[in-house]
1. Could you identify the single residue in Ala27, Ala47, Ala11 that is modelled with pLDDT of 80 or more and surrounded by fewer than 13 Cβ atoms within 10 Å (Cβ to Cβ)?
2. In segment 39-62, how many are β-branched (Val, Ile, Thr) and touching an Asp or Glu at 6+ places or on another chain (Cβ under 9 Å)?
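The values are calculated or read from the model by the stated rules, or taken from the named source; none is laboratory data. What you see is a predicted model; the values in this text were computed from it and never measured. Quick reminder, even Gly has a Cβ in these numbers, built from the backbone with ideal geometry, and neighbours come from all protein chains shown.
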Amino acid sequence: MAFMDKLGQMAGKAAEIAGDTIDYGKAKGKIMLEKGKVKDGNEALGAYVYMTLKNGGELDQSRLEELMAEIDVHKDEIARIEAEAAAKTDNDSKTE
(Lines give C-alpha, C1' and ligand atoms only; values in the text may rest on other atoms or scores of the structure.)
Protein backbone atom coordinates (compact mmCIF):
# COMPACT_ATOMS: atom_id res chain seq x y z
CA MET A 1 0.00 0.00 0.00
CA ALA A 2 2.85 2.42 0.77
CA PHE A 3 4.14 2.01 -2.78
CA MET A 4 0.74 2.93 -4.22
CA ASP A 5 0.50 5.97 -1.91
CA LYS A 6 3.95 7.11 -2.98
CA LEU A 7 3.07 6.58 -6.63
CA GLY A 8 -0.11 8.63 -6.15
CA GLN A 9 1.87 11.45 -4.54
CA MET A 10 4.37 11.45 -7.40
CA ALA A 11 1.59 11.56 -9.97
CA GLY A 12 -0.04 14.45 -8.14
CA LYS A 13 3.24 16.37 -8.04
CA ALA A 14 3.83 15.73 -11.75
CA ALA A 15 0.36 17.07 -12.57
CA GLU A 16 1.01 20.16 -10.43
CA ILE A 17 4.32 20.83 -12.18
CA ALA A 18 2.68 20.39 -15.58
CA GLY A 19 0.00 22.89 -14.59
CA ASP A 20 2.63 25.39 -13.46
CA THR A 21 4.48 24.94 -16.75
CA ILE A 22 1.30 25.65 -18.70
CA ASP A 23 0.61 28.77 -16.59
CA TYR A 24 4.18 29.98 -17.13
CA GLY A 25 3.87 29.30 -20.86
CA LYS A 26 0.62 31.26 -21.06
CA ALA A 27 2.16 34.20 -19.20
CA LYS A 28 5.23 34.14 -21.41
CA GLY A 29 3.04 34.03 -24.52
CA LYS A 30 0.98 37.00 -23.32
CA ILE A 31 4.15 38.95 -22.56
CA MET A 32 5.50 38.25 -26.05
CA LEU A 33 2.26 39.51 -27.60
CA GLU A 34 2.37 42.68 -25.51
CA LYS A 35 6.03 43.25 -26.42
CA GLY A 36 5.03 42.99 -30.06
CA LYS A 37 2.38 45.65 -29.48
CA VAL A 38 4.97 47.89 -27.79
CA LYS A 39 7.24 47.45 -30.81
CA ASP A 40 4.36 48.30 -33.15
CA GLY A 41 3.57 51.39 -31.09
CA ASN A 42 7.19 52.51 -31.14
CA GLU A 43 7.27 52.06 -34.90
CA ALA A 44 4.03 54.04 -35.31
CA LEU A 45 5.43 56.82 -33.14
CA GLY A 46 8.68 56.92 -35.08
CA ALA A 47 6.89 56.84 -38.42
CA TYR A 48 4.63 59.70 -37.35
CA VAL A 49 7.57 61.86 -36.22
CA TYR A 50 9.63 61.01 -39.30
CA MET A 51 6.91 61.64 -41.86
CA THR A 52 5.66 64.82 -40.18
CA LEU A 53 9.13 66.36 -39.98
CA LYS A 54 10.17 65.12 -43.42
CA ASN A 55 7.14 66.82 -44.93
CA GLY A 56 7.90 70.06 -43.09
CA GLY A 57 4.98 69.77 -40.71
CA GLU A 58 4.77 70.43 -37.00
CA LEU A 59 4.31 67.65 -34.51
CA ASP A 60 0.89 67.51 -32.89
CA GLN A 61 1.51 67.17 -29.15
CA SER A 62 -1.84 65.46 -28.55
CA ARG A 63 -1.06 62.86 -31.24
CA LEU A 64 2.35 62.21 -29.67
CA GLU A 65 0.74 61.77 -26.25
CA GLU A 66 -1.88 59.44 -27.73
CA LEU A 67 0.77 57.22 -29.32
CA MET A 68 2.88 57.22 -26.15
CA ALA A 69 -0.15 56.39 -23.99
CA GLU A 70 -0.88 53.41 -26.23
CA ILE A 71 2.68 52.16 -25.73
CA ASP A 72 2.39 52.68 -21.96
CA VAL A 73 -0.80 50.59 -21.83
CA HIS A 74 1.08 47.61 -23.23
CA LYS A 75 4.13 48.17 -21.00
CA ASP A 76 1.82 48.32 -17.97
CA GLU A 77 0.18 45.07 -19.09
CA ILE A 78 3.60 43.40 -19.33
CA ALA A 79 4.42 44.56 -15.80
CA ARG A 80 1.04 43.29 -14.54
CA ILE A 81 1.53 39.85 -16.12
CA GLU A 82 5.08 39.58 -14.78
CA ALA A 83 3.96 40.57 -11.28
CA GLU A 84 1.10 38.09 -11.40
CA ALA A 85 3.44 35.31 -12.53
CA ALA A 86 5.97 36.21 -9.82
CA ALA A 87 3.27 36.21 -7.15
CA LYS A 88 2.05 32.81 -8.31
CA THR A 89 5.61 31.47 -8.25
CA ASP A 90 6.11 32.86 -4.72
CA ASN A 91 2.83 31.32 -3.56
CA ASP A 92 3.69 27.99 -5.13
CA SER A 93 7.10 28.01 -3.43
CA LYS A 94 5.51 28.59 -0.03
CA THR A 95 3.10 25.65 -0.41
CA GLU A 96 5.84 23.12 -1.19
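1. Result of the check over Ala27, Ala47, Ala11: Ala47.
2. Number of matching residues: 1.
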